[in-house]
1. Does the range 384-397 contain any residue that is under 25 Å from W75 (Cβ atoms), touching a Phe, Trp or Tyr at 6+ places or on another chain (Cβ under 8 Å) and among the charged types (D, E, K, R)?
2. Looking at A80, A138, A84, A97, can you tell me which residue is at pLDDT below 95, on the phi < 0 side of the Ramachandran plot and not basic (K, R)?
3. Of all residues in the range 284-305, which are at pLDDT 95 or above and not aromatic (F, W, Y)?
4. Which of the residues spanning the range 35-49 are farther than 19 Å from P176 by Cα and either hydrophobic (A, V, I, L, M, F, W, C) or in contact with a helix residue (DSSP H, G or I) (Cβ under 9 Å, 6 or more places away or on another chain) (or both)?
5. What pairs can you find where one residue is in the range 326-344 and over 19 Å from V411 (Cα atoms), the other is polar (S, T, N, Q) and assigned to a loop (DSSP other than H, G, I, E, B), and their Cβ atoms are less than 8 Å apart, with a gap of 6+ or different chains?
6. Which of (1) at pLDDT below 95; (2) hydrophobic (A, V, I, L, M, F, W, C); (3) within 27 Å of T369 (Cα to Cα) is the odd one out, the single condition A228 does not satisfy?
7. From the list Y166, Y219, which one is modelled with pLDDT under 95 and either closer than 30 Å to G327 by Cα or surrounded by fewer than 16 Cβ atoms within 10 Å (Cβ to Cβ) (or both)?
8. Could you pull out the residue among H183, H127, H141 that is under 26 Å from M49 (Cβ atoms) and in contact (Cβ under 8 Å) with a residue 60 or more places away in the chain?
Amino acid sequence: MSQMPGTQGSSSMAPLGIPFARFGSGTSWLPDSSPMRAIHGDLGTWMLMLHGAAFGQFDHQGTRRGDSQWGLTDWEMLTAAQAAGGGLFRVNLMTSAEALILGKRGYPELLQTGGTYRGARLVDHQHPHDLAMEAAIAYDHSLTRQLASGLYVAAVGEPALGPVAYMHRPSAEADPFAPLGHHWQDAAHESFGVVTGALYTHAVKLEGSAFNGREPDEYRFNFDYQGAKLDSYSGRLTVLPDAHVSIAAWGGYLADHDPLEPGLGMQRYGASVLTTNGGVAGGTWSSAAVWGLNIHHHSDREHTHDPNASTKLYHMSSSALLESTLGLGTHTDLNARVEQVQKNGDDLGFIGGDLIQLFTIRSLSSGVTRDVRSVGDAQLSLGARASLDLVPSTLRLVYGTTTPAGLAVFVRVRPGR
């Protein structure tokens, strides 16, 4: 594998000398010190980079609402870049085979919510990603020696709303499971229609996006453009005080985002701090703190049973996440994630009672991953993950316990560093 431009102190094709290691998901920024795992090659004047990871796993989630499954979680991303017009032109294509392997419900994950299945809320499962996770072009150009501009246009991609998506964060690279707060933080990473403009210096980036905020449906093999409009919007500010830290804050409005409540919208706000430093014996230590807030807009029709009701109700729910992956040398990683998320009765799939009543859910997961073999530019690893959730006593009858737990073992394949 060739060394990546912009890493380990080498020069960068990007404006203002920004290293490629900084590029996260969509247009987000990672710390410059982030490890980059990619297979690198050239095709004429194009520089090619293949990123990704695949986890073949056995997943067991306990309690009466749990399940067991042999499955696969994966993402593959090809980036092609070349100098053009005094700037940098990039093409990003990202795919996932999860819907082919896992089916429409995805994989079991206790207390996970978000997405729909057969016209109802999908609960205790993480939905599969679409076959096409990103199809985007981006162009960055220096305006002065200290200022550059960027344009990102995606048939499917990620607006400037949220942190670096979890599968692209070094702090989560050893964990195959989505955070329970995914739909409060980075779920907009699969938006079918995105335009983002940016101005940035070497350390500060200001972005604005117009996008289609409607959630993908359960058929994961097409582009979800039915009724699509770029009527959602967002903004994000990112600051890198040094090479080891990336701080971001965002806010936005998602129009008509919920297929089960058409015509209504939601505001989303949040902030994140990502760090990457040296680990133990040459390893890497990456951590993330993420906070997200959703302000839901609901009609009172479901509460008054009046089909002509038009009053809108508003309620807020929040999430917080701390996660970290510590390298013990260059072949063993320890990872942990702590979360607190507020989910309401509607999120949890209830069909009666007060559907906007909030339940505070806490979760702790930890795991270990060990690299066992290199095959060419690919690396094969074995790992295990355990989770313990803490739910309020009001959910005891639903789950049969206030401490539901899960366990997974997996084989991971990804590019070497």
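1. Scanning the range 384-397, I find at least one residue that is under 25 Å from W75 (Cβ atoms), touching a Phe, Trp or Tyr at 6+ places or on another chain (Cβ under 8 Å) and among the charged types (D, E, K, R), so the answer is yes.
2. On the way: A80 fails: at pLDDT below 95; A138 fails: at pLDDT below 95; A97 fails: at pLDDT below 95.
Just one listed residue meets the conditions, A84.
3. First, the residues of the range 284-305 that are at pLDDT 95 or above: 284-295.
Result: T284, S286, S287, A288, A289, V290, G292, L293, N294, I295.
4. Of the range 35-49, the ones farther than 19 Å from P176 by Cα are 39-49.
Result: I39, L43, W46, M47, L48, M49.
5. N344/Q357
6. Here A228 clears every test but (3).
7. Numbers: Y166 fails: modelled with pLDDT under 95.
It is Y219.
8. On the way: H183 fails: under 26 Å from M49 (Cβ atoms); H127 fails: under 26 Å from M49 (Cβ atoms).
Of the residues listed, the single one that is under 26 Å from M49 (Cβ atoms) and in contact (Cβ under 8 Å) with a residue 60 or more places away in the chain is H141.
The values are calculated or read from the model by the stated rules, or taken from the named source; none is laboratory data. Keep in mind it's a predicted model, so treat the numbers as computed, not measured. As a convention, Cβ positions derive from the backbone with ideal geometry for all residues, glycine included, and neighbour counts pool all protein chains shown.
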